[in-house]
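Note sheet for the following structure.
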Amino acid sequence: MINEKKLLNDANSYFLNKEFDKAMFIYAQLSSVFKYNKEYPIYALFCDIANEDVNKALSLFDYFTVAKEKDIDEAIEYVHNVVDAYDGDIDKMMGLLKDLTNSTVDSLDAIKYEDFKTLIQTRGSFRVAFEDIMFSTKVAIDSKDDFFDFVTKLIENDFSTTAYSYLEGFNEYFAYDSKIEELYKKLEEKKLATTHKQ
């Protein structure tokens with residue numbers, strides 16, 4: 001008998017480890033066996049996107065993982081809209097999903113962290129504010145304290161993949177900072193807690 005949950009966890013682990021071919025193989029298996037499950041084809045789509053742009057695929061995966069808990073149909077519709085709006089043109093689609101890990105204000109699509117904090121207050125929560133901007137706007141961080149604050153909030157709000165990519169992107173700047181180790185530890189604890197919850 002197929003252990004559906006274990007297979008999905010394995011596929012997600014491969015995906016997060018950027019082993020997209022292995023992840024795709026399992027997602028495809030899940031899609032063919034459990035034809036009525038709407039999630040699995042979406043995960044396979046993320047593997048396709050990863051062939052074009054890894055960071056965008058990981059960000060979209062992060063979004064979907066969080067959003068599906070709230071409303072899976074809405075989350076799936078959003079993903080399809082991103083793709084369908086441009087008739088499957090991967091270049092145009094990637095234009096929509098701006099690079100989250102770029103921290104410099106070199107584009108009109110950047111928002112300063114101070115302004116982002118104002119947006120959080122306006123929208124009522126970090127999660128809602130970040131979902132609003134995660135695919136269209138870069139968060140520009142220019143101080144160490146802001147960086148640590150931002151990554152901590154990403155972890156607390158289950159945007160783990162995005163938190164990892166920020167930590168990896170800035171690791172060389174803060175390599176010897178104990179706070180970086182704390183954040184990695186917090187991410188691992190969150191990952192374990194999520195795994196046990198499933």
query: So is residue 163 under 21 Å from residue 127 (Cβ atoms), at pLDDT 65 or above and surrounded by fewer than 18 Cβ atoms within 10 Å (Cβ to Cβ) or not?
result: no
- request: State all residues of the range 137-151 that are out of contact with any helix residue (DSSP H, G or I) (no Cβ under 7 Å at 6 or more places or on another chain) and within 18 Å of residue 59 (Cα to Cα); if no residue qualifies, say none.
  value: 137, 138
message: Being of a type in the set (Asp, Glu), surrounded by fewer than 18 Cβ atoms within 10 Å (Cβ to Cβ), at pLDDT below 85 and closer than 24 Å to residue 131 by Cα is true for just one of 52, 74. Which residue is that?
response: 52
- request: Scan the range 55-71 residue by residue and report those that are at pLDDT 80 or above and open to solvent by 20 Å² or more (accessible area, probe 1.4 Å).
  value: 63, 65, 68, 69, 70, 71
Filter result (open to solvent by 30 Å² or more (accessible area, probe 1.4 Å), at pLDDT below 75, in a helix (DSSP H, G or I) and not aliphatic (A, V, I, L, M)) within the range 169-194: 169, 191, 194
Pairs, first at pLDDT below 85 in the range 110-122, second among the basic types (Lys, Arg) and assigned to a strand (DSSP E or B), C-beta under 6 Å, six or more apart: 110/138
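The values are calculated or read from the model by the stated rules, or taken from the named source; none is laboratory data. All figures in this text were calculated on a predicted structure; none of them were measured in a lab. A quick note on method: Cβ atoms are made from the backbone with ideal geometry, for glycine too, and the neighbour counts reach across all protein chains shown. For the accessible areas, the whole protein counts, side chains as well, though only heavy atoms, and no ligand, DNA or RNA atoms are used. Shrake-Rupley method; radii C 1.70, N 1.55, O 1.52, S 1.80 Å.
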